[in-house]
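The values are calculated or read from the model by the stated rules, or taken from the named source; none is laboratory data. Treat the numbers as computed from the prediction; the structure is a model and nothing was measured. Every residue, glycine as well, gets a Cβ built from its backbone with ideal geometry; the counts of neighbours run over all protein chains shown. Surface areas here come from the heavy atoms of the whole protein model, side chains and all, with no ligands, DNA or RNA. Shrake-Rupley method; radii C 1.70, N 1.55, O 1.52, S 1.80 Å.
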Amino acid sequence: MSVLEVKNLKKSFDKLEVLKDIDFSLNKGETIAIIGSSGSGKTTLLRCLNFLEKPDGGKILINGDVIFDADDPNTQKEREIREKRLHFGLVFQSFNLFPQYTVLKNVTLASELIAKRKKGYRSNKKQILKQIDSQARESLGQMGLSDKLNYYPHQLSGGQQQRVAIARALAMSPDVLCFDEPTSALDPELTGEVLRVIRALAEKRTTMVIVTHEMAFARDVADRVIFMDCGVIVEQGSPREVLENPREERTKQFLARFSEE
Ligand code: ADP
Ligand code: MG
């Protein structure tokens, strides 16, 4: 079954239609790479999935359940949005770590806040916090940061900070891990270390959507590639289909322009 289904998703800012009928689905363990020119709506799509923007039309389903339907206000209740957001982990271009907290605290913070709101927190506090702590340590270990738990963000390289941000998203065990150009704020020599950890996640069959300009990465790591242009999905298929044998003229032009840069 699909973990994520996006159906006819639409989003406009004033008169600008940024997403027009976006349709795709993602199976468990699958990695999708989204490519496309700047301004084509990629970030807006991820923001809609994470309820940072409210779509004007369409549906979002997780594991077959409708979690958002633009035509059904019952799916849009403010107090449920926070919970629904937890289906998705989002890693931005900029790492957005809290400078005043250690690496470990940056990763445990959100889980702790969520746990505190739940019933039974007080009576099980010690055990719950211990579990959050061990989950955070495990995610940081996966990102190769076990020796940096007590560091502060300013004591880390950009690549390390981004790996903390990935660990933070992973620690929440989201259904879908979303990346928005995770390496574009990094120096080229740090890009490789972040792409390597994302590749390792793909090899472990983590379910992911990755917006990227790294074409070689998309070709080697993604199970499927989506090419977006002006708010529509122009083409989607295997990396070989989309990147090596595109059917659509617009895809061909984008790839040709891209390889010239
Ligand atoms: P991409 O990530 O593919 O570069 P974006 O999703 O960031 O594209 O932006 C798509 C279009 O939507 C752009 O024209 C951008 O200016 C516009 N846009 C994005 N966010 C907003 C906003 N909050 N208000 C108005 N326009 C926006
Ligand atoms: Mg963007």
List the residue pairs whose Cβ atoms are under 6 Å apart, where the first residue sits in the stretch 85-98 and is closer than 20 Å to TYR151 by Cα and modelled with pLDDT under 95, the second is in a loop (DSSP other than H, G, I, E, B) and within 13 Å of ligand 2 (Cβ to nearest atom), and the two are 6 or more positions apart or on different chains.
SER94/ALA185
In the set PHE51, PHE68, the lone residue that is at pLDDT below 95 and either away from ligand 1 (no atom under 16 Å from the Cβ) or at positive phi (or both) is PHE51
State the number of residues belonging to the stretch 74-94 that are within 16 Å of ligand 1 (Cβ to nearest atom) and either of a type in the set (D, E, K, R) or over 16 Å from ILE62 (Cβ atoms) (or both).
4
When you scan the stretch 24-73 for strands (runs of 3 or more DSSP E) that lie fully inside it, which ones turn up with 2 or more residues that are small (Gly, Ala, Ser)?
57-62
Among the residues of the stretch 222-233, is any under 15 Å from the mean Cα position of the chain (by Cα), within 27 Å of VAL164 (Cβ to Cβ) and surrounded by 20 or more Cβ atoms within 10 Å (Cβ to Cβ)?
yes
All but one of (1) in contact with a strand residue (DSSP E or B) (Cβ under 6 Å, 6 or more places away or on another chain); (2) among the acidic types (Asp, Glu); (3) closer than 30 Å to ASP65 by Cα hold for GLU203, so report the exception by its number.
(1)
Hits in the stretch 217-245 (condition: under 13 Å from ILE35 (Cβ atoms), touching an Asp or Glu at 6+ places or on another chain (Cβ under 6 Å) and away from ligand 1 (no atom under 16 Å from the Cβ)):
VAL242
Count of the stretch 19-58 residues which are closer than 27 Å to ALA256 by Cα, open to solvent by 20 Å² or more (accessible area, probe 1.4 Å) and among the hydrophobic types (A, V, I, L, M, F, W, C)
0
If you go through ILE166, ILE210, the only one that is within 16 Å of ligand 1 (Cβ to nearest atom), among the aliphatic types (A, V, I, L, M) and closer than 29 Å to SER134 by Cα is ILE210
Given the criterion open to solvent by 10 Å² or more (accessible area, probe 1.4 Å), assigned to a loop (DSSP other than H, G, I, E, B), farther than 15 Å from GLN93 by Cα and more than 16 Å from ligand 2 (Cβ to nearest atom), identify the matching residue among ARG247, ARG240.
ARG247
Just to be sure I understand, how many residues within the stretch 1-23 are in contact (Cβ under 8 Å) with a residue 60 or more places away in the chain, more than 10 Å from ligand 1 (Cβ to nearest atom) and part of a strand (DSSP E or B)?
8
Considering the stretch 146-172 alone, what residues qualify as being under 25 Å from LYS28 (Cβ atoms) and free of Cβ contacts under 8 Å to residues at least 12 places away in the same chain?
none
In this structure, does LYS77 turn out to be away from ligand 2 (no atom under 16 Å from the Cβ) and either touching a Ser or Thr at 6+ places or on another chain (Cβ under 7 Å) or closer than 20 Å to VAL234 by Cα (or both)?
no
